[in-house]
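Working notes for the structure below.
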Amino acid sequence: QVQLVESGGGLVQAGGSLRLSCVASRSIFSFNVVRWYRQPPGKQRELVATITSGGNTYYADSVSGRFTISRDNAMNIVYLEMNSLKADDTGVYYCNGYLPPVYYWGQGTQVTVSS
């Protein structure tokens with residue numbers, strides 16, 4: 001059974017940094033893509049960052065230049081490094097991995113940015 005487990009969330013002041021981790025129960029390379037989503041309070045879930053099996057990365061305009069998605073192949077971890085955090089970055093952050101034909105989700109980790 002495929003599992004994704006997020007960690008690293010917490011409370012941080014505006015301007016601060018956090019690093020989220022998504023640990024997979026199997027090789028990261030087995031996923032076509034791994035994405036980070038977030039769901040702000042009272043809003044819909046939105047795509048934040050993507051990393052493909054080939055290592056290509058993509059970002060939402062709202063986080064480009066502040067967030068970095070990366071992976072540790074040996075440890076089967078995908079990271080989301082978040083810098084210059086803003087109050088608008090508050091939400092539950094979810095890891096999503098696409099292993100055809102299924103999209104797998106983690107349970108989420110809460111990020112709260114105080115202004």
Q.
What pairs come out if I take residues in the range 86-115 that are under 13 Å from residue 46 (Cα atoms) and part of a strand (DSSP E or B) and pair them with residues that are open to solvent by 20 Å² or more (accessible area, probe 1.4 Å) and small (Gly, Ala, Ser) whose C-beta lies under 7 Å away, six or more apart or interchain?
A. 93/9
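Condition check: loosely packed, with under 13 Cβ neighbours inside 10 Å and among the basic types (Lys, Arg). Does residue 43 satisfy that?
Details: loosely packed, with under 13 Cβ neighbours inside 10 Å: yes; among the basic types (Lys, Arg): yes.
Yes: the conditions hold for residue 43.
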**Q.** Any pair with Cβ under 8 angstrom, 6 or more apart, that starts in the range 2-23 at a residue that is in contact (Cβ under 8 Å) with a residue 60 or more places away in the chain and small (Gly, Ala, Ser) and ends at one that is open to solvent by 20 Å² or more (accessible area, probe 1.4 Å) and part of a loop (DSSP other than H, G, I, E, B)
**A.** 14/86; 14/115; 15/84; 17/83; 17/84
Q. Among the residues of the range 18-38, which ones are crowded, with 17+ Cβ neighbours inside 10 Å and not hydroxyl-bearing (Ser, Thr, Tyr)?
A. 18, 20, 22, 23, 24, 28, 31, 34, 35, 36, 38
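Kindly evaluate residue 48 against the criterion of being more than 14 Å from residue 97 (Cβ to Cβ), surrounded by 18 or more Cβ atoms within 10 Å (Cβ to Cβ) and of a type in the set (Val, Ile, Thr).
In short, yes.
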**Q.** Residue match in the range 37-56 (condition: in contact with a Cys (Cβ under 8 Å, 6 or more places away or on another chain) and in contact (Cβ under 8 Å) with a residue 60 or more places away in the chain)
**A.** no
Q. For residue 15, are the conditions met, namely being out of contact with any Asp or Glu (no Cβ under 9 Å at 6 or more places or on another chain), over 17 Å from residue 77 (Cβ atoms) and open to solvent by less than 30 Å² (accessible area, probe 1.4 Å)?
A. no
Q: Just need a number here: residues in the range 51-83 that are open to solvent by less than 60 Å² (accessible area, probe 1.4 Å) and among the aromatic types (Phe, Trp, Tyr).
A: 2
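The values are calculated or read from the model by the stated rules, or taken from the named source; none is laboratory data. What you are looking at is a predicted structure, and each value in this text was computed from that prediction instead of being measured. No Cβ is skipped: glycine too gets one built from the backbone with ideal geometry, and neighbour counts run over all protein chains shown. Note: accessible area is taken over every heavy atom of the protein model, side chains too, but ligands, DNA and RNA are not part of it. Shrake-Rupley method; radii C 1.70, N 1.55, O 1.52, S 1.80 Å.
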